[in-house]
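The structure appears right after this line, and notes come after that.
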Amino acid sequence: MAREFKPVRFFVMMALAAFVVCGVTSFYTHRAVHGRTAEERAAYAIGLKVGEQAPPGARLPTAADLNMMAQKYFNQQGSGSQLRSSSRAGGLQNWDLAFENGYTDGFNKTHLQQ
């Protein structure tokens, strides 16, 4: 004997499935905002911390200055040895960019723009 189709139950289950899929997608999208790899997320966190510690009254550094700061912190962290084995140029650029984004976000968080 065939079972009877129950439209209310069907639509409730579809809504629940859509809710779960949207939640998972949102979680992974939000997680990737600050970098896709662990090194990029670590660089973002370091940049955020350094940006928050900028002295009061300071201005946001230029892109070249941020790049030099990223290079300095990159060499201090010892992350260079991990990225040299893979793709040094690509990994270093990603690390620098994540650091710069973190620094900018941290700087903007603590220094109100007038």
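Each 10 Å bin, from zero up to the one with the longest distance, holds this percent of the alpha carbon pairs of the stretch 1-56: 19, 23, 20, 15, 12, 7, 3, 1.
Projecting label points 7 angstrom from Cα along Cα→Cβ for Asp105 and Val12 puts them 4.0 nm apart.
Readers should treat all values here as calculations from the given coordinates under stated rules, not as data from a laboratory. All of these numbers come straight from a predicted model, not from anything done at the bench. Positions of Cβ are generated from backbone atoms using ideal geometry, with glycine treated the same way; all protein chains shown enter the neighbour counts.
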